[in-house]
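Chemist: Please find one structure pasted underneath; my questions will follow.
Each value in this text was obtained by applying a stated rule to the coordinates, not by laboratory testing. These numbers were taken from a predicted model, which means no experiment stands behind them. Cβ coordinates were reconstructed from backbone atoms using ideal geometry, including for glycine residues, and neighbour counts include every protein chain displayed.
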Amino acid sequence: MSVAVESSMSRASLPIPTFSQAEQSFSLKKRHVPLSLSSLSNSSDSSPLRLSYSMPPLPPSKGCPPLSRVFHPRPSPWTPLSGSLKKLPCPKSVYDPSKQQSFFSQCFTNLGLLGRGSFGEVFKVQSNVDGRLYAVKCSAHRFRGNSERTRSVREARNHERLCPHPHILDFVAAWEECGRLYIQTELCSTSLLLHAENQPPGPDEAAAWTYLCDLLSALQHLHSNGFVHLDMKPANVLVTDSGRLKLGDFGLLLQLKHKSTTTSEGNVKEDAQEGDPRYMAPELLRGQYGPAADVFSLGVSILELACNMEVPNGGDGWQQLRQGCLPSEFTNGLSLELQTVLSMMLAPEPSERPTVSELLALRFIRKRMWKRRVYLMVAETVLRLVSLCQQVVCFGCRLLSSLHVSFLPQWTKPVPCTPPRDSWDRDLTLSLSVMHSHSGSPEDDVVFVLDPTKPELSPTFSHRVKSRLCVDSTSTPLPVSLTNGHRSPVHTPSSIHSNTTCHTLTPSASSVHSELHPDGMSDSSTRRRRGSNWVRADEDLPRASFEPKNLLSLFEETTVEGQP
Ligand SMILES: Nc1ncnc2c1ncn2[C@@H]1O[C@H](COP(=O)(O)OP(=O)(O)OP(=O)(O)O)[C@@H](O)[C@H]1O
């Protein structure tokens, strides 16, 4: 029976869609082709309506075209977004809007790429206004629509509102240029993620307490001003030369008091985005956004830093951490105080978690906060003194060099081994900028003096870095090229992917594991690349334009000069 039906169906011809049917689903593009009078005369329909369609009335004559058509309003290539730039605009001697160059290239000397993240690239720059070093973050793409622009502008404005605070990255200025957002901030040594990865392997509880103190202070400032960070993680924390932690990256910052985003329970629902899943609080999956989410993310960050542990991106480990199960094989080595604080911060229910103020009120945290403040005060005073001494020494060097040039006898001037003065000056300026910007902290070595021949990390640690680099999808910090206006070579995706392997830890129910990521890169390869970048940047430095001479020719030159 069914065979008969099938055969009859196969034999029956399929209905062919007619043009009129197709026209109902898809419409042809409307084209306004003017009808010719001859076609009109041939047409059977010669109604006046048809005729009026074919011959539209002439536009009313105007005496003169509107001003907007004469003077085309050129979209402003540069718009200040921060109050700082509006109040104190860039001096005319530095920025001339009539010039072709961008505001960025007129006002700053680009010293190289510091890193890149999902948002864009971060450059180390020297301001042409005050001569100081800064970081400028530039969005990778032009704004794709008004909502993206509004979000970026809001990020810059919120960041400005949060400053100044000793543990918030200092905001300097923000502007929009050619559809891109630029944010100028203070320059730091490195991110906390990189800083921690360059420490000796193994748990470091003492360091974890200092991180906790600094970041609780930053969160306290945010929460008391009605903001939630929502992307708290070591990659978004920067470390200054003195070791002070500064919270940055306010791309997901949410204002709690905003009426449209606050529900009756006090939690925000709309207009909020969750950040990195590894640090994400469980209630964010239910759309409950609030300050407790930052406490959870800080708890995960401290757990990671204290135990030198890879935070899971998903799977059993991720679930367990959100059910209040801390990996005991990692946390057993920690003091009872830190274990207690972590288990409170990682409570599954946001209502059970302590607020930042409650945490800061704990006796053992108060004690550490006090010690930390004293330490930072001393460290920063010493750094200031060192920098002052360096400036004095440099001034002395310059003075001596000028004395050398003006007082030494004429015949001693063309010393063959001395490079020409301009190249000597360049080198001095270069070393001054290094001394000025970096005062010998371990982080400086990470950024500037990477030694590609020493991949000294232990296998466990290098694996951790490998998997970190695999899992970390966002920021890609790079070493800094010191040459003025010279960008560090950029890592192309192909260069990152080549010759790289990525390991996966075997998952177990009780421990937290890293996830396999196909796009990973090995630590040693990163270091090698960094090293090679540094070497290449070094090779590109301007070289002295003099040639070696032998002693005889020197003697001959001197005698010729000495002759009357
Ligand atoms: N102020 C700064 N001083 C020094 N280095 C910085 C500064 N800001 C950023 N960096 C470096 O640049 C890298 C990328 O910056 P950042 O992570 O802020 O970009 P992003 O696009 O916001 O990243 P994300 O993917 O997290 O959104 C950081 O890892 C850090 O190493």
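Chemist: Using only the alpha carbons of the range 222-379, what is the convex hull's orientation-averaged projected area in square nanometres? Before the final figure, lay out the partial values.
Modeler: On the way: hull surface 39.4 nm².
Mean projected area of the Cα convex hull: 9.8 nm².
Chemist: Next question. Expressed in whole Å with the largest first, what are the equivalent ellipsoid semi-axes of the range 74-188 derived from the C-alpha gyration tensor as the square root of 5 times each eigenvalue? Could the numbers behind the result be given before it?
Modeler: Working: eigenvalues 72, 67, 44 Å².
So the three semi-axes of the range 74-188 are 19, 18, 15 Å.
Chemist: Separate question: Over all distinct alpha-carbon pairs, what is the Kirkwood Rh of the range 280-350 in angstrom?
Modeler: Mean inverse Cα-Cα distance, inverted, gives 12.2 Å.
Chemist: Name the residues whose placed amide hydrogens come within less than 5 Å of the amide hydrogen of Thr190, ignoring near sequence neighbours (fewer than 5 apart) on the same chain.
Modeler: Those lying under 5 Å, H to H, from Thr190 are Val239.
Chemist: Whole-Hz Karplus ³J(HN,Hα) for the range 227-237, in order, using 6.51 cos²θ - 1.76 cosθ + 1.60 and θ = phi - 60°, x for Gly and Pro?
Modeler: Going residue by residue, I get 10, 10, 6, 6, 9, 6, 6, x, 5, 9, 10 Hz, with x marking Gly and Pro.
Chemist: Quick check: net charge around Lys86, other residues with Cβ under 12 Å of its Cβ, Lys/Arg +1 and Asp/Glu -1?
Modeler: Details: positive: Lys87, Arg157; negative: Glu160.
Summing Lys and Arg as +1 and Asp and Glu as -1 gives +1.
Chemist: Could you work out the mean projected area of the convex hull around the alpha carbons of the range 169-242, in square nanometres to one decimal?
Modeler: Working: hull surface 26.4 nm².
Its Cα hull, projected and averaged over all orientations, spans 6.6 nm².
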